[in-house]
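Reading through the structure tokens given below for one structure.
Just so you know, all these numbers are worked out from the coordinates, no wet-lab data involved. These numbers were taken from a predicted model, which means no experiment stands behind them. Every residue, glycine among them, receives a Cβ derived from its backbone with ideal geometry; neighbour counts consider all protein chains shown.
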Amino acid sequence: MLDEVIKAFLLERKNAKLKGVTDVEQIQKIENTFHPENWLSEAAKRASQLSLVSHPSKFTHPSAKTSSIIFESTFIADGFLRSGNVDSELDVFGNAAAMDVYKFLSLTLADGKTVLAHLEENTDFIQQQFKFASISFDELRDNFLAIKQDKFSTVHTSGQIKQVYFPVDDGYHLLSVLTPSGLMFKLKERLYTIRPTKEIRDAEKNNVFDEHGFDELRDLTIIGFGGTKPQNISVLNSKNYGEAYLLLSVPPSLKPRDIQPPSSDFFKNSIYPKLYKASFNRFNYLVNPEFEHVKNNIDNRDERDDIICAVIDNVIVRAWAFRQIDAGWSNKTTLPHYQKVWLDNAFTEERENSDEWSEKIVDELARWFISSYEKLHKQILASEDLIRIKSTIEENRDNLL
């Protein structure tokens, strides 16, 4: 005797077909079609038109055809929503006209097992359910279980799905990336359970206290599959109206890196000649006597002055950055007093009302420029160039403020 669930399934589908039909001959034809023996025999043959999978390929491209993958994993208490950790449905794709076969196999019978589970376990119960005169149980079972069989004789992928090179010991393997649709829609289900109800949203909007509070994931993105025909992608996609959620995935907002102030000497701790190598290279070209074709004319001298100013301006900008630190920071250092006045806003008044500190900084800047050049190019500058460097910096002393 058929399980009541199977009877109800067949009756519902039969009544849907009979609705509005008045022709006696047509009614009898429908009655015959939905006789259990006839319908099961025909449905079993159509099962091969469907593929039961955990990772369908059609989410990447509707025309993609790949091997039917059913992946199973073990539970690990790592807190991740992943294969093995959740009881997610398998998905189905194939001929939309055969989807009633999948619905039938998904029926939960009186003992709590699905028709498909009974067939896989080859139980006595299902053998009694499918005991007919015109067709053998083994044939029915094999035909229905074709829904879980790969339609390709060997592992098959498609150029229409996403692929990625993955490093392995012997080089790289080209992997085909498939969509875990069951997990994807399980995520959607969990997000719906987190979403605040209308009552809670109204309470939030009106600043009404709620003792339970609520959680919410913001900046979610909806991604669609299949357009106006989500059923062409898969059963789970159709059930979810072709929509899934993407969690926010953007680079983190990093806190600006703290400026590391000098501890003993600004020129030794905070500025490095190599940072200005390109400028020093050009300066060397203009002052080095080895470059005989470079004339010592007004244009070249002006360019030398411009290079000196540009390098020193960059150094000054670096110095000003330390003024952004809370005033008084230099008290924890062994910086010379004139450098503290220049770099620390705790000495703003002295900086603005005294010239002694700036005279020393000008001397330091000139010495740093000269030593940096000589260190990078292993050259000794002519006395004329030394004087020009010092005078150029002196002329721009006001920039130190």
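Here are a few things to note about the model shown:
- Between helix 181-194 and the chain: long-axis angle, C-alpha atoms, 0 to 90°, nearest 10: 80 degrees
- Annotation for segment 276-348: trypsin sites (Lys or Arg not before Pro) lying in DSSP loop with at most 11 further Cβ atoms inside 10 Å of their Cβ are K295.
- Options [x] 1.85; [y] 0.95; [z] 1.06 - which one matches Cα Rg over 2.2 N^0.38 Å as calculated here: [x]
- A DSSP coil position with no more than 12 other Cβ atoms inside 10 Å describes the following chymotrypsin sites (Phe, Trp or Tyr not before Pro) in segment 137-217: F152, F209.
- Spatial separation of Cα centroids for segment 197-237 and segment 48-118, in angstrom: 25 Å
- Size of segment 4-148 as Cα extents on the principal axes (Å, biggest first): 61, 38, 25
- Neighbour-count order for K375, K274, fewest beta carbons within 10 angstrom listed first: K274, K375
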